[in-house]
Every structure is written in C-alpha cells, then in structure tokens.
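Take a look at the structure below.
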Amino acid sequence: MYWHSKSHLVERDYTFWAVELKDGGGLLGFVGLNDTDFEASFTPAVEIAWRLASQYWGFGYATEAAKAVFDYGYKELNLKEIVSFTVPENKRSIRVMEKIGLSRDPQGDFYHSKLPREHRLSRHVLYRTLKD
C-alpha cells in the first residue's frame, strides 16, 4: 500500500521519502506522493501523505517536509492536482493540509472503500488543490 519499490520512483519520479532530523538525529517517518489505489469520486489522483512518529508531532516537521514535497509535485513534476485525506478527527493532519495550501472539498468527502462503512475510520474528509 504505502511502500514502493525503487521502480515506482523511477517510473513516476515520486514515492515516499524518509524524513530525518537535519542534525542526523534519527528517522522521524516518511512524507511523499502516492497514486491512490482505491475508487472514489476524485480518483485516480496523486495523494500527498505523511506518517511521523508521535514523539515528533507538534514541531512543524510534517509541515516542512510536506511543503517541500508539495512544491516538488507542482514545480518539478508539473502535477495538475494533489489531494490529501484523513478522518475528520485527525486535526493535526488537517492543519498540515491547510498550511501547505490544500483546501477542503466537502463534496469530495467519502467513505474509504478499503474499510467497512461502519468502521470508525471509514469516513474521510478530502482536501485538494488545482494548479493555477
């Protein structure tokens, strides 16, 4: 699902990249771009996503890394749209989405097709942006 081979990077010029502290202090998690692998009203799409260890939350690392990846997607890859999504309760990720320039698309909110509809994590909010 989220782990790509070297061939994915070679074929698409994007993947998930490791995020480390600048001083070499260790691995925080990953941030990157991914092709959606499920059906929804907005797919197919390129998603920006991140996963950082909880001890690194609240320091701006996710925002800094996501902004760099977001800029790479538009400036280097010339993507027309980047999306991101999460469960409504994930306020930290929603704030990162807003800080990097994504906007909520309430009409795009969805129930994730890889989870049973009644699952507590099934409902997702959609954020997206279109290149000017």
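Within the stretch 8-28, residues that are among the hydroxyl-bearing types (Ser, Thr, Tyr) reach partners that are open to solvent by 30 Å² or more (accessible area, probe 1.4 Å) and at pLDDT 80 or above with beta carbons closer than 8 Å, at six or more positions or on different chains, in the pairs TYR14/TYR72; TYR14/LEU77. Report whether or not ARG104 is charged (D, E, K, R), more than 20 Å from LEU126 (Cβ to Cβ), open to solvent by 20 Å² or more (accessible area, probe 1.4 Å) and in contact (Cβ under 8 Å) with a residue 12 or more places away in the chain. Taking the combined requirement at face value, the residue does not satisfy it.
Answer yes if at least one residue in the stretch 61-68 is within 23 Å of TRP17 (Cα to Cα), touching a helix residue (DSSP H, G or I) at 6+ places or on another chain (Cβ under 9 Å), open to solvent by 70 Å² or more (accessible area, probe 1.4 Å) and at pLDDT 95 or above, and no otherwise. The answer is yes, given that some residue of the stretch 61-68 is within 23 Å of TRP17 (Cα to Cα), touching a helix residue (DSSP H, G or I) at 6+ places or on another chain (Cβ under 9 Å), open to solvent by 70 Å² or more (accessible area, probe 1.4 Å) and at pLDDT 95 or above.
Checking GLU89, GLU98 one by one, the residue that is in a loop (DSSP other than H, G, I, E, B), at pLDDT 95 or above and either open to solvent by 30 Å² or more (accessible area, probe 1.4 Å) or in contact with a helix residue (DSSP H, G or I) (Cβ under 6 Å, 6 or more places away or on another chain) (or both) is GLU89 and no other.
The values are calculated or read from the model by the stated rules, or taken from the named source; none is laboratory data. Small disclaimer: the values here were computed from a predicted structure and weren't measured. Here the Cβ is made from the backbone with ideal geometry for all residues, glycine too, and neighbour counts use every protein chain on show. Keep in mind that these areas ignore ligands, DNA and RNA; they rest on the heavy atoms of the full protein, side chains included. Shrake-Rupley method; radii C 1.70, N 1.55, O 1.52, S 1.80 Å.
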